[in-house]
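The next block holds one structure in the form of structure tokens; read it before the comments.
The values are calculated or read from the model by the stated rules, or taken from the named source; none is laboratory data. The shown structure was predicted, so the numbers you read here are calculated from the model rather than taken from an experiment. Methodologically, a virtual Cβ is constructed for each residue, glycine included, from the backbone with ideal geometry; neighbour enumeration extends over all protein chains shown.
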Amino acid sequence: MTAAPGDKVDHGIFAIPATTRSRLILEAASEMVGDGGFPERQARVSLRVQGAGDWPLTFFASDTPSAIDEVVDGRAQIAIVNPSSPLTLAYRGAGPYHEPLPVRAITVIPSEDQMAFAVTESSGLRSIEEIADRRFPLRIGMRAQRDHASLWFVEQVFDAAGFSLQDVISWGGEVKYMARIPQDPARTEAVRRGEVDAIFDEAVNRWIYPALDAGMRLIEFGEPLLGRLEAMGFRRGVVKRRDYPRLPADVTSLDFSGWPVFCRADASDGLIGRFCAALEARKHTIPWQGEGPLPLERMCKDGPDTPLDVPLHPGAERYWRKLGYID
């Protein structure tokens, strides 16, 4: 069948063949990643002019701090990081980033979370700083995903406190990569067997009570350490007794909220505007941690579950302002 784009045919509007093939792949992948029994759910999408030699656009449904380098280096044009803090530090040139990186936010997917640091009661540890003061041979149960941001948080916290994971290992400690998901019982079972002294992780609501049942407690940050971390770009967090009544009191920690969608500062306004328009058009089909359509109207503004410490890309700001989402 031959037809010009837009001509009526029996099955509806004639589609440009490249669009049909690409939409088939994108929509099929969308359906597959929505299947709870399908394990490969992280997407990386590349786009090009049909027949061109290279792939100039890559959208990466990433979650780790390494996505920042991919965008800055041009290997991806739009990516996601969980949580917001790594992108903030990259923008400021703080922590592991030795100079400010040219990153800008497009939107922030809502997710309110805290990073918690739990140790065994038998360790006697009361604060992060005591680990170094006592040269404690801490055995830490971490995620099996070695590039997960929870380990990145631990590395930055220890560095701000004046020691490193390698120091802990030199004191006889160990990092055990043994949890695929936060609530994985492997870690608390290892605590009960006396093989692990600490669990440091986010999604605290998934694992705090099993940790308490295993004889653990959350440790605090001293104010000087918190101040140094806040100056870098981290946000103070609180694991509240109101939310977890079995805690003896509120415990200060670090915020682990927000999933920024971001790009390079020099990304074209046209590309970012089109991406925002696509989100607006498909917001009813994108699941998130709340009810109803994706709340784009508040995803371009700073909030408890949408930390926005990196400026919006001008193309994104212009588009959200046009819709009335930004005053």
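Being assigned to a loop (DSSP other than H, G, I, E, B), in contact (Cβ under 8 Å) with a residue 40 or more places away in the chain and more than 13 Å from PHE262 (Cβ to Cβ) is the filter here, so list the residues in the stretch 65-106 that pass it.
Scanning the stretch 65-106 gives GLY74, ALA94, GLY95, PRO96.
Of all helices (runs of 4 or more DSSP H) completely enclosed by the stretch 209-327, which ones contain at least 2 residues that are under 26 Å from ARG23 (Cα atoms) and of a type outside the set (A, V, I, L, M, F, W, C)?
269-282, 314-322
Here are the criteria: (1) part of a helix (DSSP H, G or I); (2) of a type in the set (Gly, Ala, Ser); (3) closer than 26 Å to SER85 by Cα. Tell me which single one GLY162 does not satisfy.
(1)
For the stretch 275-298, which positions are surrounded by 13 or more Cβ atoms within 10 Å (Cβ to Cβ) and not aromatic (Phe, Trp, Tyr)?
So the first thing to find is which residues in the stretch 275-298 are surrounded by 13 or more Cβ atoms within 10 Å (Cβ to Cβ), and the list is 275-277, 279-280, 283, 288, 293-298.
If the condition is that a residue be surrounded by 13 or more Cβ atoms within 10 Å (Cβ to Cβ) and not aromatic (Phe, Trp, Tyr), then CYS276, ALA277, LEU279, GLU280, LYS283, PRO293, LEU294, PRO295, LEU296, GLU297, ARG298 are the ones that fit.
Which condition from (1) under 30 Å from LEU308 (Cβ atoms); (2) in a helix (DSSP H, G or I) is the one that ILE25 breaks?
Result: ILE25 fails condition (1) only.
What is the number of the single condition among (1) on the phi > 0 side of the Ramachandran plot; (2) free of Cβ contacts under 8 Å to residues at least 24 places away in the same chain that ARG135 does not meet?
Here ARG135 clears every test but (2).
Determine which member of the set GLU280, GLU297, GLU291 is of a type in the set (D, E, K, R) and free of Cβ contacts under 8 Å to residues at least 24 places away in the same chain.
GLU291
Examine the stretch 230-241 for a residue that is farther than 25 Å from SER84 by Cβ and among the aliphatic types (A, V, I, L, M), and state whether such a residue exists.
No, there is no match, as no residue in the stretch 230-241 is farther than 25 Å from SER84 by Cβ and among the aliphatic types (A, V, I, L, M).
GLY34 - would you say it is exposed (fewer than 11 other Cβ atoms within 10 Å of the Cβ) and either acidic (Asp, Glu) or modelled with pLDDT under 90 (or both)? Working first, answer last.
Details: exposed (fewer than 11 other Cβ atoms within 10 Å of the Cβ): no; either acidic (Asp, Glu) or modelled with pLDDT under 90 (or both): yes.
When the stated conditions are applied, GLY34 does not pass them.
So that you can scan it fast, the table gives a plain yes or no per residue for (1) surrounded by fewer than 19 Cβ atoms within 10 Å (Cβ to Cβ); (2) not assigned by TED's automatic domain parsing to the domain that holds PRO287:
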residue	(1), (2)
PRO96	yes, no
ASP133	yes, yes
GLN156	no, yes
GLY173	no, yes
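Test of understanding: among PHE59, PHE153, PHE117, which residue is out of contact with any His (no Cβ under 7 Å at 6 or more places or on another chain), of a type in the set (Phe, Trp, Tyr), over 24 Å from SER164 (Cα atoms) and outside any loop (DSSP other than H, G, I, E, B)?
Step by step, each of PHE59, PHE153, PHE117 is checked, and only PHE59 is out of contact with any His (no Cβ under 7 Å at 6 or more places or on another chain), of a type in the set (Phe, Trp, Tyr), over 24 Å from SER164 (Cα atoms) and outside any loop (DSSP other than H, G, I, E, B).
For ARG242, indicate whether it is surrounded by fewer than 22 Cβ atoms within 10 Å (Cβ to Cβ) and within 23 Å of PRO65 (Cβ to Cβ).
No, not satisfied.
If only one of ASP255, ASP269, ASP309, ASP305 is exposed (fewer than 15 other Cβ atoms within 10 Å of the Cβ) and touching a residue at least 12 places away in the same chain (Cβ under 8 Å), which one is it?
Working: ASP255 fails: exposed (fewer than 15 other Cβ atoms within 10 Å of the Cβ); ASP309 fails: exposed (fewer than 15 other Cβ atoms within 10 Å of the Cβ); ASP305 fails: exposed (fewer than 15 other Cβ atoms within 10 Å of the Cβ).
Of the residues listed, the single one that is exposed (fewer than 15 other Cβ atoms within 10 Å of the Cβ) and touching a residue at least 12 places away in the same chain (Cβ under 8 Å) is ASP269.
Any chance the stretch 221-230 includes a residue that's more than 25 Å from ARG180 (Cα to Cα), buried (at least 22 other Cβ atoms within 10 Å of the Cβ) and of a type in the set (Phe, Trp, Tyr)?
Yes - at least one qualifying residue is present in the stretch 221-230.
What residue, of GLU202, GLU280, is within 30 Å of PRO293 (Cβ to Cβ) and in the same structural domain as PRO293 (by TED's automatic domain parsing)?
Result: GLU280 is the single residue among GLU202, GLU280 that is within 30 Å of PRO293 (Cβ to Cβ) and in the same structural domain as PRO293 (by TED's automatic domain parsing).
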